[in-house]
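The values are calculated or read from the model by the stated rules, or taken from the named source; none is laboratory data. These numbers come from a predicted model, not from an experiment. With ideal geometry, Cβ positions are generated from the backbone for all residues, glycine too; neighbour counts draw on all protein chains shown. Surface accessibility is based on the protein's heavy atoms, side chains included, excluding ligands, DNA and RNA. Shrake-Rupley method; radii C 1.70, N 1.55, O 1.52, S 1.80 Å.
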Amino acid sequence: MLDSLLSLLPQILFEGLLLGFVYAMIALGYTMVYGVLELINFAHSEIFMIGAVAGVEIFRSLSNIIHNGYLLLLVAIVVGGLVSGLVAIAMERFAYRPLRRRGTTNRLVPLITAVGVSFVLQDLVRLIEALWHNEFFLRMASVSDLEGSVTVLGIFIQYKSIVVIVVSLAMLAGLNLLVNKTRLGTAIRTVAQDMDTARLMGINPDRVVSSTFFIGGSLGGVAGVLFALQYTTISPYSGFLPGIKAFTAAVLGGIGNIPGAMVGGLVLGELETLAGTYLPTLTNGTIGTEYKDIIAFLVLILLLLFRPQGLLGQIVKEKV
Amino acid sequence: MLELNNAYAAYGRIAALKDVTISVKKGEIVTLLGANGAGKTTTLRSISGMLKLKRGEIRYKEESIGKFPAERIVGLGIGHVPEGRKIFPRLTVEENLGIGAYLVKDRKLIHERKQKAFELFPILHERRNQKGGTLSGGEQQMLAIARALMQDPELLLLDEPSMGLAPILVDFIFDVIRTLNRQGKTILLVEQNARMALAIAHRGYILQTGRLVLAGSAKELEANPEVQEAYLGG
């Protein structure tokens with residue numbers, strides 16, 4: 001039995017990597033917004049879902065016009081990223097900023113607002129889809145040249161999986177450059193450290209917050225398109241589970257910490273995939289694959305008990 | 001250059017400034033003295049737009065700036081070195097300087113100003129790749145001043161630059177302030193160290209629980225028995 005378990009391992013690790021990249025990209029949106037506003041934006045899972053839906057719609061409406069699957073995917077990624085980024089900006093502008101303006105110091109207020117925004121977006125997408133197509137469960141159209149596969153070192157790899165990895169790596173590298181090397185990135189880090197003093201530098205915090213929502217939102221949107229590509233079925237409620245797992249990934253890495261979100265996403269993706277495969281075998285089927293979802297939350301609970309600052313996070317000390 | 005007319009500010013219901021009127025002329029060093037809670041920091045925060053006045057007016061170069069947001073006031077040429085330095089702890093020294101020049105678009109100019117900052121404070125050059133949070137108190141104060149200078153302000157607001165520093169560093173910082181003034185910067189200096197502040201200032205104001213109680217040239221204030229009693233240690 002051990003032999004068969006081990007022979008599966010490379011394939012499982014690869015699948016975990018794919019899932020992990022998707023989690024990492026969503027987790028970045030949670031962590032960046034937390035970094036600047038100390039707000040857990042629970043509606044971020046809907047930003048991800050909207051990206052996925054936009055991707056499905058692009059495939060549906062353009063697959064007869066654009067025959068090259070890679071070009072079609074590129075269009076879907078760009079549109080998905082933009083739409084999600086813009087919805088994220090609108091969400092901040094109309095739901096969170098008014099609360100900030102009013103000087104609400106109770107942190108439960110924006111948190112509950114986020115949950116409310118989440119419901120609104122879910123049902124808005126449902127309404128639009130239902131009016132448009134008479135149904136709100138969507139399937140990603142398959143495009144033949146994305147469906148091929150190769151086997152490398154015994155790992156079955158679909159072409160579209162390669163796309164997921166390449167795009168994720170490019171986005172993560174791009175984000176690193178943006179945050180660490182550009183004027184906007186420095187402004188984001190500055191606002192995250194001390195919003196008041198940032199204003200003394202001439203930085204308009206509202207603009208930086210909007211940009212942060214846009215960047216985090218478009219990463220989530222691109223993750224949504226890749227998720228739809230990989231897992232094909234999407235509904236207005238598809239954001240919830242990946243969203244809350246990505247939130248766990250962000251906490252796992254240390255909330256507010258950008259490299260932490262990437263590490264947390266990958267670790268969680270691997271853990272979940274490993275559990276999904278090995279738990280049924282190890283327990284003779286008593287615990288089925290469907291229990292893989294509780295792994296994320298088990299991790300969250302254990303983490304909050306034993307290392308609440310996360311893997312890469314630091315305990316915040318007030319320095320006088 | 002700068003005028004506050006009947007400035008009234010409050011935190012919630014507690015008044016912090018009660019009808020304060022002060023002015024700073026181009027080329028001056030003006031110091032604002034007073035005990036803790038006298039309203040010195042509040043005055044500076046009002047000028048730089050961090051705190052909005054309830055009543056009264058702030059004029060800078062004939063323009064009423066009381067309603068402007070802080071991020072706009074910096075662009076008018078008012079640099080604020082805040083109380084407690086407030087450098088960005090997780091940015092490097094060089095990034096701190098870079099963000100100080102946020103409104104400057106010309107890269108060459110930014111580079112030149114960084115070099116000037118490093119000439120003024122050579123230790124910052126040595127520490128340029130270190131995180132701001134790892135610097136000593138004196139180095140942080142130098143960085144905070146250098147950061148404010150990156151936008152080349154005409155008026156510099158300094159909030160207790162000597163706080164918590166060793167005497168030799170206090171001397172150094174005050175030398176720097178005097179040098180900056182000779183190079184043409186107008187300075188509004190808030191200090192606990194009244195003796196040092198009056199030694200370099202042209203004029204001074206004394207605040208007591210939000211009210212202006214005394215104004216005059218530095219010489220007059222130094223000679224005033226009440227000031228000697230309360231702020232210069234008799």
Item checked: Residue within the stretch B:107-130 that is within 11 Å of another protein chain (Cβ to nearest Cβ), open to solvent by 50 Å² or more (accessible area, probe 1.4 Å) and over 25 Å from B:LEU32 (Cβ atoms) present -> yes
Item checked: Of the criteria (1) closer than 26 Å to A:THR31 by Cβ; (2) modelled with pLDDT under 90, which one A:VAL143 fails -> (1)
Next item on the list: For A:THR31, state whether it is assigned to a helix (DSSP H, G or I) and either open to solvent by 30 Å² or more (accessible area, probe 1.4 Å) or among the β-branched types (Val, Ile, Thr) (or both).
Entry: yes
Notebook entry, point to check: If only one of A:ALA130, A:ALA114 is of a type outside the set (Asp, Glu) and in contact (Cβ under 8 Å) with a residue 40 or more places away in the chain, which one is it?
Noted result: A:ALA114
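Just to verify a result, which residue in the stretch B:131-146, among those that are among the small types (Gly, Ala, Ser) and within 21 Å of B:THR186 (Cα to Cα), is farthest from the other protein chains (Cβ to nearest Cβ)?
Here the residue is B:ALA146.
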Next item on the list: Find the residue count for the stretch B:16-40, including only residues that are open to solvent by less than 30 Å² (accessible area, probe 1.4 Å), assigned to a strand (DSSP E or B) and not polar (S, T, N, Q).
Entry: 9
Note to self: Report every pair of residues separated by at least 6 positions or lying on different chains whose Cβ atoms are under 9 Å apart, first residue within the stretch B:41-57 and open to solvent by 40 Å² or more (accessible area, probe 1.4 Å), second charged (D, E, K, R) and part of a loop (DSSP other than H, G, I, E, B).
What the structure shows: B:ARG45/B:GLU83; B:LYS52/B:LYS67
Notebook entry, point to check: How many of the residues in the stretch A:1-59 are in contact with a helix residue (DSSP H, G or I) (Cβ under 8 Å, 6 or more places away or on another chain) and among the polar types (S, T, N, Q)?
Noted result: 3
Checklist line | Qualifying position, being in a helix (DSSP H, G or I) and either open to solvent by 30 Å² or more (accessible area, probe 1.4 Å) or free of Cβ contacts under 8 Å to residues at least 12 places away in the same chain (or both), among A:LEU6, A:LEU19 | finding: A:LEU6
Note to self: I'm trying to understand the selection: among the residues of the stretch B:72-119, which are of a type outside the set (A, V, I, L, M) and in contact with a strand residue (DSSP E or B) (Cβ under 7 Å, 6 or more places away or on another chain)?
What the structure shows: B:GLY77, B:GLY79, B:HIS80, B:PRO82, B:GLU83, B:PRO89, B:ARG90, B:THR92
Next item on the list: Could you tell me which of the residues A:LEU178, A:LEU169 is touching a helix residue (DSSP H, G or I) at 6+ places or on another chain (Cβ under 6 Å), of a type in the set (A, V, I, L, M) and part of a helix (DSSP H, G or I)?
Entry: A:LEU178
Notebook entry, point to check: Out of all the residues in the stretch B:173-190, which are more than 20 Å from A:LEU200 (Cα to Cα) and either of a type outside the set (A, V, I, L, M, F, W, C) or free of Cβ contacts under 8 Å to residues at least 24 places away in the same chain (or both)?
Noted result: B:ASP175, B:ARG178, B:THR179, B:ASN181, B:ARG182, B:GLN183, B:GLY184
Item checked: Residue count for the stretch A:194-212, restricted to those that are part of a helix (DSSP H, G or I), at the interface with another protein chain (Cβ under 10 Å from one of its Cβ atoms) and open to solvent by 40 Å² or more (accessible area, probe 1.4 Å) -> 3
Check: Restricting attention to the stretch B:89-97, does a residue exist that is of a type in the set (Val, Ile, Thr), under 26 Å from A:ARG189 (Cα atoms), within 14 Å of chain A (Cβ to nearest Cβ) and surrounded by fewer than 18 Cβ atoms within 10 Å (Cβ to Cβ)?
Finding: yes
Margin query: Being in contact with a Leu (Cβ under 7 Å, 6 or more places away or on another chain) and modelled with pLDDT under 95 is true for just one of B:ALA15, B:ALA38. Which residue is that?
Written below: B:ALA38
Notebook entry, point to check: Is the stretch A:127-134 home to any residue that is surrounded by 14 or more Cβ atoms within 10 Å (Cβ to Cβ), under 20 Å from the mean Cα position of the chain (by Cα) and not acidic (Asp, Glu)?
Noted result: no
Item checked: Leading residue by the ranking (farthest from the other protein chains (Cβ to nearest Cβ)) among those in the stretch A:156-181 that are among the β-branched types (Val, Ile, Thr) and open to solvent by 50 Å² or more (accessible area, probe 1.4 Å) -> A:ILE162
Next item on the list: Looking only at the stretch B:70-81, count how many residues are at the interface with another protein chain (Cβ under 7 Å from one of its Cβ atoms) and open to solvent by 10 Å² or more (accessible area, probe 1.4 Å).
Entry: 4
